[in-house]
Structures are given as C-alpha cells and as structure tokens.
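The values are calculated or read from the model by the stated rules, or taken from the named source; none is laboratory data. Because the structure is predicted, anything quoted here is derived from the model rather than measured. So basically every Cβ, Gly included, is an ideal-geometry build from the backbone, and we count neighbours across all protein chains shown.
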Amino acid sequence: MTADAVRIAMWSGPRNISTAMMRAFENRPDTAVIDEPFYAAYLAATGLNHPMRDEVIASQPTDWRVVADALVGAIPDGRRVYYQKHMTHHMLPGVGRTWARACRNAFLIRRPEDVLASYANVRDEASLEAIGLPQQRELFAEASDWLGRAPPVIDTHDVLSKPRGLLSALCAALDIPFTERMLSWPAGRRASDGVWAPAWYASVERSTGFAAAHAPIAFDDLRDDLKPIAEKARPIYDELARHKLKT
C-alpha cells in the first residue's frame, strides 16, 4: 500500500453531477476511481426494482463488509489517490461507516428543487430518503466529528458556474494538488463506469467537460406531489450549504 495514499469519499444524492465529478478525478494521472460500490448491496437489501437490477447485483459484492474492506485496501493500479463516488441513500441502517474514517470525506450538494425536477424525469416516485438528504446530513455530522471541523462541501451549481475555481478549492481542502486535466476529458464510456451506465450515463458519455449551469428550478414549477418533499429537504440543504466552499 502506498504510504501517502489518499482515499476520497465523495458523498452525494442522485441527480447531481456525481458522474461528471468522477470523470474529472479519473482524468488525473494519479487517481483511480470507483463508481457507487455499495449499489448492489443496496439493491439486494431493499429489493428495489431499479433499471438493470440483476446486472448490478451480479457486478458487485452484496455484502457491505466486503465492499468496505476493499475501499480501505490497496488502491487499484498502484495509484496514489482513490476517488470513491458514493450515493448517500445506499448507506442503509446497519451498514457500517467507520471504514470512512480512513477517507477524506467530501460532500456534493444540489438545490432540492433541481434534484427533484431531474429525478422525476427518470423515476415515477420520489421521497426525501430516495434523494438522500437525511442520510447526507447524518454522514456530514459523523465526518465532522471525526475531523474535528466541517469537511468540504461543494454545490453543483457552483461547480458548473466556476469549475476551475471550485475544483481548485476542493483540491486544496482535500490536500491534493489541482490539475487542469480535471476540467476536460474524452467523450465515451469508461471501464470504471458501473454496469448500469447504459441506463443512466448517456449525457455524461457525450460530455467532454462540465456543462454550463442552468437557471435554478423554481419551487412553483415543481409537480404538486414533489413540493412537500422539497419543503422537507430545503432545511437540510440549507444546513449543508452553510459550509460550502467558495472561490
């Protein structure tokens, strides 16, 4: 194991720019990445019928302990940095989190209205737990206790508005050097992408960098069934957003 190994656990909910962030880190010459390693364990435990469910379960360990051990083991390909893309809602009750003490934890957030509007395009039903904000708040509190201060938080809109500035600030907070290679990447699928990529990654596969920021979705423009979820999500988002990095 490399003595100065750096493991980055990036925690976000669905319908963020989490895969684009993974692309940015994978384009670094010193970094290996892993895509949602707890996904199969989550599907096996919940029985949820996600797209390509059987393929996902077959592609990864379904025992969270096996996953956790690998995340703090040797970094693939002898790289120094290990970027781990995690979905907060995959961390079900009973899934241990102490392994994350060995990681530099960071948090990717997005306005709940924007998350819910995007989520509704791909899933028929939404809930506060499904978009991962309560779990993200719990993980943030735990990481803060381990670190003795707030871990880095970045906002999706800020990254898309100022990618160089926000990624530079994130790298500084994680104590790794920033490289311009994080700002662009070749189009296409990666061997590191989860087996579920055909169901979810069409837009990021076409991308060669971060997309331009969109105008925020207004609360009144949400579907009526999504508004109560946004109202419950807003205080959690605001709590996390107080710690977000600025350029």
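Values computed for the structure shown
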item: Residue check, Ala213 in a helix (DSSP H, G or I), within 24 Å of Val153 (Cβ to Cβ) and of a type outside the set (Phe, Trp, Tyr); result: no
item: Of the criteria (1) touching a His at 6+ places or on another chain (Cβ under 9 Å); (2) buried (at least 21 other Cβ atoms within 10 Å of the Cβ), which one Ala24 fails; result: (1)
item: Boolean, Asp77 is out of contact with any strand residue (DSSP E or B) (no Cβ under 8 Å at 6 or more places or on another chain) and among the charged types (D, E, K, R); result: no
item: Test result for Gln136, closer than 19 Å to Glu239 by Cβ and touching a strand residue (DSSP E or B) at 6+ places or on another chain (Cβ under 8 Å); result: yes
item: Number of the condition not met by Asp224 [criteria: (1) surrounded by 11 or more Cβ atoms within 10 Å (Cβ to Cβ); (2) over 20 Å from Ala32 (Cβ atoms)]; result: (1)
item: Condition check for Trp200: under 28 Å from Ile57 (Cβ atoms) and either at pLDDT below 95 or out of contact with any His (no Cβ under 7 Å at 6 or more places or on another chain) (or both); result: yes
item: Residues located in the range 181-206, provided they are of a type outside the set (A, V, I, L, M, F, W, C), in a loop (DSSP other than H, G, I, E, B) and farther than 23 Å from Glu55 by Cβ; result: Pro186
item: Ala74 buried (at least 17 other Cβ atoms within 10 Å of the Cβ) and either touching a Lys or Arg at 6+ places or on another chain (Cβ under 9 Å) or not charged (D, E, K, R) (or both); result: no
item: Qualifying residue in the range 46-64 (condition: out of contact with any His (no Cβ under 9 Å at 6 or more places or on another chain), closer than 30 Å to Lys246 by Cα, of a type in the set (Val, Ile, Thr) and surrounded by fewer than 20 Cβ atoms within 10 Å (Cβ to Cβ)); result: no
item: Residues that are of a type in the set (S, T, N, Q), in contact with a Lys or Arg (Cβ under 6 Å, 6 or more places away or on another chain) and either at positive phi or part of a helix (DSSP H, G or I) (or both), drawn from the range 18-70; result: Ser18
item: Tally, over the range 161-184, of residues that are in contact (Cβ under 8 Å) with a residue 24 or more places away in the chain and surrounded by fewer than 18 Cβ atoms within 10 Å (Cβ to Cβ); result: 9
item: Residue that is surrounded by the most Cβ atoms within 10 Å (Cβ to Cβ), among those in the range 118-147 that are touching a Pro at 6+ places or on another chain (Cβ under 9 Å) and closer than 19 Å to Trp200 by Cβ; result: Ile131
item: Options Arg101, Arg137, Arg164: the member that is of a type in the set (D, E, K, R), within 18 Å of Arg7 (Cα to Cα) and not in a loop (DSSP other than H, G, I, E, B); result: Arg101
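For (1) crowded, with 18+ Cβ neighbours inside 10 Å; (2) more than 17 Å from Leu108 (Cβ to Cβ); (3) not aliphatic (A, V, I, L, M), each residue gets a yes or a no:
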{"position": "Arg149", "(1), (2), (3)": "no, yes, yes"}
{"position": "Pro152", "(1), (2), (3)": "yes, no, yes"}
{"position": "Pro186", "(1), (2), (3)": "no, yes, yes"}
{"position": "Phe210", "(1), (2), (3)": "yes, no, yes"}
{"position": "His214", "(1), (2), (3)": "no, no, yes"}
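Per-residue answers, yes or no, for (1) in contact (Cβ under 8 Å) with a residue 60 or more places away in the chain; (2) closer than 17 Å to Ala191 by Cα; (3) under 15 Å from the mean Cα position of the chain (by Cα):
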{"site": "Glu36", "(1), (2), (3)": "yes, yes, yes"}
{"site": "Ala41", "(1), (2), (3)": "no, no, no"}
{"site": "Thr46", "(1), (2), (3)": "no, no, no"}
{"site": "Val72", "(1), (2), (3)": "yes, no, no"}
{"site": "Ile75", "(1), (2), (3)": "yes, yes, no"}
{"site": "His86", "(1), (2), (3)": "yes, no, yes"}
